[in-house]
Amino acid sequence: LNVTDENFVLETLAGCIEYKSLLDIVVNAFFVRDGKHCLFSERNLYVVICYLATFQLEELGLQHFSRIVKSLDTAKMHKFLRFFFNALNLNTWIKDEWSHFYDSIYVKENWIDPLLRWQPKVQQVIKQLADKLNNCTTIVRSSTVTQPKEFNLTVPKPRAIPIPLPIPVLEKSHPVPPSTYKPPKEKKQLEEIKTKNRRKAEPKIISYCCLLQNLYSFFFTASIRQYKCLITLAYSGSCSYEALLSTYFFVLIDNIPIKLNAAAILREGALYQRKAEQELKRIENLLRGAGDPSEFLEWQKQMRGKDLEEQLAEIECKRLQGKLSHEEAVLAHQKVIQENKKKADLMREEKAELMHQYAEKRLQEQKEMRELVEQVVEGHKNAKQAKLKLQKYKQQIVQEVCEENRELLRQALEEEEEKLRKRYELIQQIRVIESLPSLKNKFVDLTETGGHGLICEMSIVELRERLALLRETQKAAEEEKRDQIIHEKQAKEQLLLDKLDQISVFRAELGRAAALKQEEKKRKSQSGERPVKDERILNLQQKIIEKTMERKKQAELL
């Protein structure tokens, strides 16, 4: 940059830093209100424009200011200037916010009033930006501008028209085979095989799921050795998995391997203690005459079961509705294919007719082009001789200029070599001076102080003695703390052992209660009946079968 531009940039940067608090108020409000969709990375651009409009508009003048604004993005500048030079904004919240930092009278006289005076002229600039956004041309009266005149240059000679290439003849295209619009037979066969395999595998999958569920619950309660014995008995066929699980349930509860950390032991002990307190409180309430909530809980469980069945029926209805909509979409797709096939036949006929017309027109243009080329070739024969003479004259001028350039380069190389030689000699002298040895020996007495005149200064020997005493004191404190930690650790281990004994007792009782609950649940499931399907599901299944038959008939017709 030149000196003027550099001073302007530095002055603008210093002003933006000095009045940062005032400029941030306007720019932040712009991003909240009118500039919601503007990029935050362009924030400094709006800060600079706000500074120039507020503090530098008198010095710059409207013409320079409008030139800076128009050199930037039109839409962004139009939006920001319309927001900032709004008279209502300047007289209300901008004035109030700036008055928090400066005196209100000073703000009104020096900043708000000048902005209001410039507002009508700036509105013209805003209107020009709006017209530019709407692709409207504005008439700007300006002073007379110097009209440039064209140079009297030699008119270039017309280029030779190349001989056109022969038009390639298109080969006859083969018609589209009818198998393109028919689905392959292999796909249909694969779908049939897939449905058959799925029907065969459904009962096996259901039985495997029940088996895996039992094994999953059993795996987390049994030991590894008993789990292997159970699998061996089940595969031998001597008894079923359910019988083995019910037989060995009570035996395995007592032999559960417990491997818990301290936090888990304390947490589980607190849980069992809280449950015991709740049970004692419930018994006390029953002794005092309170009611048993078991009937309400049983009713609540039944109602939740009914809600679950309704939800499952609703999910099944939605699945069947989706399947029905899929069948309808396939039928609509087949109809669209038929319509597209008819349109494609019409387009092929129209394309063949247009290609025939284009070939005739192209042959006529080729004949006219050949006649024009023959006329141009006769006119270029006389111009070749003059062109050769001009080329020889230019080659002579180039040779003379090359000789002068070689002489100048040789002189410049000699001067550069002389400078390098002097520089090399100077570097050698500096290196010789630096290589000379220098003696720097200093003897230190460790028993003497530094001699700075301070009360707390000491020698290095005294410092070492004091550090040794400090280390011994620190070591004794560490030993005392270590003994205290060992005693606390032993007390914590004893507490954990007591909690483990309490947990094992509670787990045994809970295991027995869970076994009784499982047997009761099994009896209820065996005595229960299969729920009847919902009428909506049956109606949807019937509709899906009808749509499938209709789709198959339509596919056979295609």
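The values are calculated or read from the model by the stated rules, or taken from the named source; none is laboratory data. Everything quoted here is computed from the prediction, not taken from an experiment. The accessibility values were calculated without ligands, DNA or RNA, using every heavy atom of the protein model including side chains. Shrake-Rupley method; radii C 1.70, N 1.55, O 1.52, S 1.80 Å.
Let a ≥ b ≥ c be the square roots of the eigenvalues of the Cα gyration tensor of segment 3-136; is it rounded (a/c under 1.5), or, if not, prolate (a/b larger than b/c) or oblate? If you can, show how the numbers build up before the last one.
Working: a/c = 1.35, a/b = 1.18, b/c = 1.15.
Verdict is rounded for segment 3-136.
Using a ≥ b ≥ c from the Cα gyration tensor of segment 423-503 (square roots of the eigenvalues), is it rounded, prolate or oblate, where a/c under 1.5 gives rounded and otherwise the larger of a/b and b/c decides, a/b for prolate?
Details: a/c = 6.83, a/b = 2.32, b/c = 2.95.
Judged from the Cα gyration tensor, segment 423-503 comes out oblate (a/c at least 1.5, b/c at or above a/b).
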Reachable lysines, given that their alpha-carbon falls under 16 Å from the alpha-carbon of Lys132 and they are not under 8 places away in the same chain = Lys70, Lys76, Lys79
How high is the relative contact order of segment 3-136, in percent, with contacts defined as C-alpha pairs under 8 Å that are six or more residues apart?
-> 26
Any idea of the accessible area per residue across segment 3-136, 1.4 Å probe, to the nearest Å²?
-> 57
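For segment 49-110, what does the alpha-carbon gyration tensor say about shape, rounded, prolate or oblate, given a ≥ b ≥ c as the root eigenvalues, a/c under 1.5 as rounded, and a/b over b/c as prolate?
Numbers: a/c = 2.92, a/b = 1.66, b/c = 1.76.
Here segment 49-110 falls in the oblate category.
Tell me the carbon and sulfur percent of the accessible area for segment 3-136, rounded to whole percent, probe radius 1.4 Å.
Details: 4130 of 7600 Å².
The computed percentage sits at 54.
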